[in-house]
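Since the structure comes first, as structure tokens, the remarks are kept for the end.
The values are calculated or read from the model by the stated rules, or taken from the named source; none is laboratory data. Quick caveat, the model's predicted, so the values are computed rather than measured. Here Cβ is always computed from backbone atoms with ideal geometry, including for glycine, and neighbour counts include all displayed protein chains. Calculation scope for accessible area: heavy atoms of the full protein, side chains included, ligands and nucleic acids excluded. Shrake-Rupley method; radii C 1.70, N 1.55, O 1.52, S 1.80 Å.
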Amino acid sequence: MKKILLFIFTLITFSFAYSQGNNLQFSQVLNYEYNSSNIAAYQQSTVGSITVPSGKVWKITSGSCIINPNNSYGCSMRIGNNIVFQDKGTIQGGGSVSNTPVWLSSGTYSVEIGSFAGNTNTFRGAISGVEFNIVQ
């Protein structure tokens, strides 16, 4: 009898431990594309903004940027204070870094593309993510 009670107690304890934090419900997939016109050498430019609605959170799963028409120079993609992607390009020694996922609470965030090019260029960028409803 003691073993049965111990087993039931253990089962209930695990169910409480693993059920904590199930307050997010999938809402939709997010895909945004951005184009910049003429970002000056080694500067950043705001290319748009995103607004996370009240009662929702966004999980940014990937970001990218590329110089038009090629990627010999690098760039970075920033949302608010978060650099989600950075590529130094082949001129600066190469290597890209993805800093995702990034979680965003409700509010408005600027989206910026930064240039590692030595001259003024046009860039393209994209971010992808998932929106969740916060369930009380």
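Observations on the model:
- Gln136 paired with Ile4, simple spin-label distance in nm, labels 7 Å along Cα-to-beta-carbon: 4.2 nm
- Per-pair calculated FRET efficiency, R0 = 30 Å: Asn23 and Ala126 via Cβ, rounded to 0.05: 0.55
- Residue-normalised accessible area of the range 95-136, given per residue in Å² at a 1.4 Å probe: 47 Å²
- Long-range amide H partners of Val47 with built H, under 5 Å: Val111, Glu112, Ile113
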